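Visitor: The structure under discussion is supplied below as structure tokens; questions concerning it will follow.
The values are calculated or read from the model by the stated rules, or taken from the named source; none is laboratory data. Please read all numbers here as calculations on a predicted model, not as lab measurements. So basically every Cβ, Gly included, is an ideal-geometry build from the backbone, and we count neighbours across all protein chains shown. The area values use the complete protein model at the heavy-atom level, side chains included, leaving out ligands, DNA and RNA. Shrake-Rupley method; radii C 1.70, N 1.55, O 1.52, S 1.80 Å.
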Amino acid sequence: MASQLLSRATYFAGGIPSLRKLHRETTTTNNHVAFVHTRPIAEGANLIWGRQLRPSLLLDNLSAKRETVRPTYAAASSSPAGGSDSAGEAKVAPAGFFEKYPALVTGFFFFMWYFLNVIFNILNKKIYNYFPYPYFVSVIHLLVGVVYCLISWVVGLPKRAPIDSTLLKLLIPVAFCHALGHVTSNVSFAAVAVSFTHTIKALEPFFNAAASQFILGQSIPITLWLSLAPVVIGVSIASLTELSFNWTGFISAMISNISFTYRSIYSKKAMTDMDSTNVYAYISIIALLFCIPPAVIVEGPQLLKFGFNDAIAKVGLTKFVSDLFWVGMFYHLYNQLATNTLERVAPLTHAVGNVLKRVFVIGFSIIVFGNKISTQTGIGTCIAIAGVALYSFIKAKMEEEKRRTKVA
């Protein structure tokens, strides 16, 4: 029995260093990192204290360690002091919750992603109803997220990844497009109904396809173009009969679509071995620096003159500050959780998840705010969402076929 306990202690003690050295190995061994990015995260990523560990590296390290320890453990088990264990039978440590129930964990991630997104959109619109300053609110969204990231780095969850001038130059265009898209989205949210803004933003796949075809020079199949026709038609029908329509909200949502399209293009050029949590943190910091000047120039004088005073007079200082804090926190958490969630699943599941998210947001916003929509607006919105679903399904199938071809 003593030898068995000693072997178990040796087994677990041997496994701990591999986990501690995991981050260092990912940053120093470029070949390993490049190999990890080609493997599907759907095999089961892990979240430990809010930090995502790349599953293949984790499993590779553990499996390598187990291969060197198992013979010793088996020998100890077959010794007379070991008791009733059969000879040569290796003992494996019980799987953790994340490995044992991957589907349940992924489902929980999707639920939290949708829940946080819906809460953000509702709280965001409620703030604009008594504080119509989207440039300043956009700054608050990013500021709260940046503070959250800095605190996380200080406590080491996750550990901050180093950044150099080369990587900074790659991330600056991504952050600029992220900032522009974020601000214009908020301008649209403040000007029109949340449901209408999300209906306009359903056109984002159309802009992505156009950019891929005419900017990147990629050939887009005719089936993809045809699947986008219902999106354009549906958005047009909804726009013509939307009761809250105004040009500021419409144009801002369209600029947001274009900005996020270029963000996707620059993101492909800025592919890095850095994990998604650190990448998003750096992008948030840079985007915040881009958002502060226009907020000061456009809304600064009005805020100082009567903006803050009017908001405090309507809801009180405590609620005003707490609303701004929580809307920023929900914004950061839903974006970060969306990134971690979508890394766990296949492209088709990713596509379906994005479409369902938009349906959830539109539906809940109509219920909460009691927005009156015409029959034509409802029909147009449904047609647009159906078109996005069809486009996402076809594109995900194409990406899956490309991946299988490369593997073969």
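Visitor: For the pair VAL368 and LYS305, what calculated FRET efficiency results from E = 1/(1 + (r/R0)^6), where r is the Cβ-Cβ distance and R0 = 35 Å, to the nearest 0.05?
Guide: E between LYS305 and VAL368, to the nearest 0.05, is 0.65.
Visitor: Could you name the lysines whose alpha carbon sits less than 22 Å from that of LYS100, not counting residues in the same chain fewer than 8 places away?
Guide: LYS65, LYS91
Visitor: Another question about this same structure. P(r) of segment 286-379 in 5 Å steps, Cα pairs, percent per bin?
Guide: All Cα pairs considered, the percentages come to 2, 9, 10, 15, 15, 15, 16, 10, 5, 1, 0.
Visitor: Sticking with this one: Carbon and sulfur atoms: what percent of the 1.4 Å accessible area of segment 144-274 do they account for?
Guide: 70
Visitor: Going by a ≥ b ≥ c, the root eigenvalues of the Cα gyration tensor, does segment 130-224 fall in the rounded group (a/c under 1.5), the prolate group (a/b larger than b/c) or the oblate group?
Guide: Oblate shape, in that a/c is at least 1.5 and b/c is the bigger or equal ratio.
Visitor: Next question. Counting Lys and Arg as +1 and Asp and Glu as -1, what is the net charge of the other residues whose Cβ lies under 14 Å from the Cβ of PHE176?
Guide: Around PHE176, the charge tally is +3.
Visitor: Give LYS169/LYS395; LYS125/LYS269; LYS201/LYS402; LYS201/LYS269 a once-over and call out the pairs whose C-alpha atoms are over 26 Å from each other.
Guide: Checking Cα-Cα distances, LYS169/LYS395; LYS125/LYS269; LYS201/LYS402 exceed 26 Å.
Visitor: Also, quick follow-up: Quick one: compute the contact order of segment 88-231, relative version, from alpha carbon pairs under 8 angstrom and 6+ residues apart, as a percent.
Guide: 23
Visitor: Roughly how many nanometres apart are two label points built 7 Å out from the Cα toward the Cβ at ASP164 and SER236?
Guide: So the two model labels end up 5.1 nm from each other.
Visitor: Need one number: nm distance between label points at SER322 and ALA386, each 7 Å from Cα along Cα→Cβ, rounded to one decimal.
Guide: That separation, rounded to one decimal, is 4.4 nm.
Visitor: Quick one: Cα convex hull volume of segment 113-185, Å³ per residue?
Guide: Per-residue hull volume (Cα only) is 120 Å³.
Visitor: At what distance in nm do the modelled label points of ASP273 and ILE119 sit from each other, each positioned 7 Å from its Cα along Cα→Cβ?
Guide: 3.7
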